[in-house]
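Only one structure is covered here, and it is reproduced in the block below.
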Amino acid sequence: MSHRKIIHIDMDAFFASVEQRDHPEWQGKPIAVGGNKERGVVAAASYEARKYGVHSAMPSRRAAQLCPDLIFVKHRFDVYKEVSLQIRDIFYQFTDLVEPLSLDEAYLDVTENKYGYKSAINMAMKIKKQIKETTQLTASAGVSINKFLAKIASDLDKPDGLYVIMPDEVEQFVEELPVKKFYGVGKATLAKMERLNIHTGKDLKNLSKLELAQHFGKFGTYLYDVCRGMDHRTVKPHRERKSYSLERTFDQDLETRENVLNTLHVLCNKLSEGLQKRSIKGKTVNLKVRYADFTTMTRAKSLNGYFNDEDIIRNICDELIEEFLESGNGIRLLGVGLSNLYDNDSDPQLKLKF
């Protein structure tokens, strides 16, 4: 029996981690995004603050009582959104089946993926690594055969974790899982389950679908499936794709002109193949270069007509890369993409949907 390969990515203390990244003086210190000592609500808390019991949606005054040294930080949602888009671009390098749940988490269906990789575990590792290299932030990943299991898994090894539930482990895992860990079980439902002496997935499994429906309504039908490790929900992408790109980070910096050009041409070839396979054309070639010191530069060039031809993409990239070759610095990342897209099978005025 073949199974789907689902990854759930959850950024670690996302808002707080962005603030600590951008303000080194706050690294290693308890911070809360949102509110102040007198009023407001905590939007996010760093792991240092969580040790004191501070968490999101907590009144700021209570958070200050729990952690007297708590640093309150004003939120910057425009920055969080920008970083979130960087992360999503990484997801789309692996699969078009991406379902964002919020700025800091998403499902990916990598059963069929752009690289032809067989191992979802290896893909999760590569995604986590690329997120760290691109944003200097950590993410936790859960990998399993459906959305329910993948989401639970991503929370079991935080921060910077990777937890995998293999197909042959599903039954035992769910039977032993406390019901409070089941996605969708809130305080009221949990209290009701405790009154019914339901504490684990195995306890749920002992009840019929009718009994679960009688106790929990429509949610009972969902519980009947997931306590058996079943979740038929698909990953539903819902975004308009405005660009298509590929990038590679290298274990060793590219030092010579020959290595840079050869690698760039390979990327151009793969990009063109992916574009043609999906009948995508665009007007603008985008080149991204990251040096060994993590300085990142981008350049772009547009033509009047739409194209996806490898020769055109490669010629433009050869022109754009010249500026970076003159610096003499080692290159740790190369990326090439096409933007201003349209779907060749539809109206040229429509943006392509993935």
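Quick one: Ile121 ticks every box in (1) β-branched (Val, Ile, Thr); (2) in contact with a strand residue (DSSP E or B) (Cβ under 6 Å, 6 or more places away or on another chain); (3) farther than 13 Å from Ile7 by Cα; (4) surrounded by fewer than 20 Cβ atoms within 10 Å (Cβ to Cβ) bar one, so which box is it?
(3)
I'm told Tyr92 meets every condition in (1) part of a loop (DSSP other than H, G, I, E, B); (2) within 27 Å of Leu275 (Cβ to Cβ); (3) not β-branched (Val, Ile, Thr) except one. Can you identify the failing condition by its number?
Tallying (1) part of a loop (DSSP other than H, G, I, E, B); (2) within 27 Å of Leu275 (Cβ to Cβ); (3) not β-branched (Val, Ile, Thr), Tyr92 fails exactly one: (1).
Please tell me if Thr249 is under 30 Å from Ser84 (Cβ atoms) and either assigned by TED's automatic domain parsing to the domain that holds Ile87 or assigned to a helix (DSSP H, G or I) (or both). Don't jump to the end; show me each part of the working.
Values: under 30 Å from Ser84 (Cβ atoms): yes; either assigned by TED's automatic domain parsing to the domain that holds Ile87 or assigned to a helix (DSSP H, G or I) (or both): no.
So Thr249 does not fit the description; no.
Where residues in segment 282-295 are in a strand (DSSP E or B) and modelled with pLDDT under 90, which of them is surrounded by the most Cβ atoms within 10 Å (Cβ to Cβ)?
Our first condition is that a residue be in a strand (DSSP E or B); within segment 282-295, this holds for 282-291.
Narrowing further to those that are modelled with pLDDT under 90: 290-291.
Working: Arg290: 21, Tyr291: 16.
My answer is Arg290.
Is it the case that segment 224-235 has a residue that's modelled with pLDDT under 90, more than 30 Å from Thr263 (Cα to Cα) and within 25 Å of the chain's Cα centre (by Cα)? Please lay out each step first, then the result.
Keep residues of segment 224-235 that are modelled with pLDDT under 90, which gives none.
No, that holds for no residue.
Filter segment 205-227 down to the residues that are not aliphatic (A, V, I, L, M) and not in a helix (DSSP H, G or I), then identify the one that is farthest from Lys180 (Cα to Cα). Quick ask: steps written out before the conclusion?
At the first step, the residues of segment 205-227 found to be not aliphatic (A, V, I, L, M) are 205-206, 208-209, 211, 214-222, 224-225, 227.
Filter once more, keeping what is not in a helix (DSSP H, G or I): 206, 208, 217, 227.
Working: Asn206: 17, Ser208: 20, Gly217: 18, Cys227: 12 Å.
Once the filter is applied, the top-ranked residue is Ser208.
Mind checking which pairs have a first residue in segment 161-188 that is within 17 Å of Leu212 (Cβ to Cβ) and a second that is of a type in the set (Lys, Arg), Cβ under 6 Å, 6 or more apart or different chains?
From segment 161-188, the pairs are Glu175/Lys202; Tyr183/Lys151.
Among all residue pairs at least 6 apart or on different chains, which show Cβ distances below 9 Å where the first residue, located in segment 306-326, is in the same structural domain as His265 (by TED's automatic domain parsing) and the second is of a type in the set (Lys, Arg) and assigned to a helix (DSSP H, G or I)?
So the pair list comes out as Leu325/Arg257.
Just one of Asn315, Asn329, Asn344 is closer than 22 Å to Glu255 by Cα, at pLDDT below 85 and over 25 Å from the mean Cα position of the chain (by Cα); which is it?
One residue alone meets the criteria, Asn329.
Which pairs turn up if I take residues in segment 93-117 that are on the phi < 0 side of the Ramachandran plot and at pLDDT below 90 and look for partners that are of a type outside the set (S, T, N, Q) and surrounded by fewer than 18 Cβ atoms within 10 Å (Cβ to Cβ) with beta carbon separation below 6 Å, at least 6 apart in sequence or on another chain?
Cβ pairs passing all conditions: none.
The values are calculated or read from the model by the stated rules, or taken from the named source; none is laboratory data. All values derive from a computational prediction rather than experimental measurement. Counting neighbours? That spans all protein chains shown, and the Cβs are built from the backbone with ideal geometry, glycine included.
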